[in-house]
Amino acid sequence: MPCKVGPLCTASGIATGSVTRQVCTNTPDVCEVYIKKGNENGVSNIKSCRQYCQAYGMTCTAQYDDKDGCERKSKYVQCVVYSSVFRMVCV
């Protein structure tokens, strides 16, 4: 796989839409996004940050509850927890 250059979200093809609601951090080392459940990048029924990150060929390092945007609330133990409200911040 070719090396991704530039901001990680951009290099991975992430853009705002129905699932990716907001790009919070976009540096060469960190891609942090505010998402809602749904279908994204050919993956159906995304309900966790792990599923979302895998849809873009990345590994999830953290999943947080959100405050209706990029502001983080509590951190989940793992990236595989299905959010009860189906909105979350993924890193």
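Take the conditions surrounded by fewer than 18 Cβ atoms within 10 Å (Cβ to Cβ), on the phi > 0 side of the Ramachandran plot and over 12 Å from the mean Cα position of the chain (by Cα) and apply them to Gly6. Does it pass?
Considered against the rule, which asks whether it is surrounded by fewer than 18 Cβ atoms within 10 Å (Cβ to Cβ), on the phi > 0 side of the Ramachandran plot and over 12 Å from the mean Cα position of the chain (by Cα), Gly6 comes out as yes.
Just to be sure I understand, how many residues within region 61-84 are surrounded by 13 or more Cβ atoms within 10 Å (Cβ to Cβ) and not in a loop (DSSP other than H, G, I, E, B)?
Counting residues in region 61-84 that are surrounded by 13 or more Cβ atoms within 10 Å (Cβ to Cβ) and not in a loop (DSSP other than H, G, I, E, B) gives 5.
What is the residue count in region 49-69 for residues that are over 11 Å from Val89 (Cβ atoms), without any contact (Cβ under 8 Å) to a residue 40 or more places away in the chain and of a type in the set (Gly, Ala, Ser)?
Number satisfying all stated conditions: 1.
Quick note: the coordinates plus some simple rules give every number you see, no bench work behind them. Given the structure is predicted, the values throughout are model-derived calculations rather than measurements. Please note: Cβ atoms are built from the backbone with ideal geometry, for glycine as well, and neighbour counts cover all protein chains shown.
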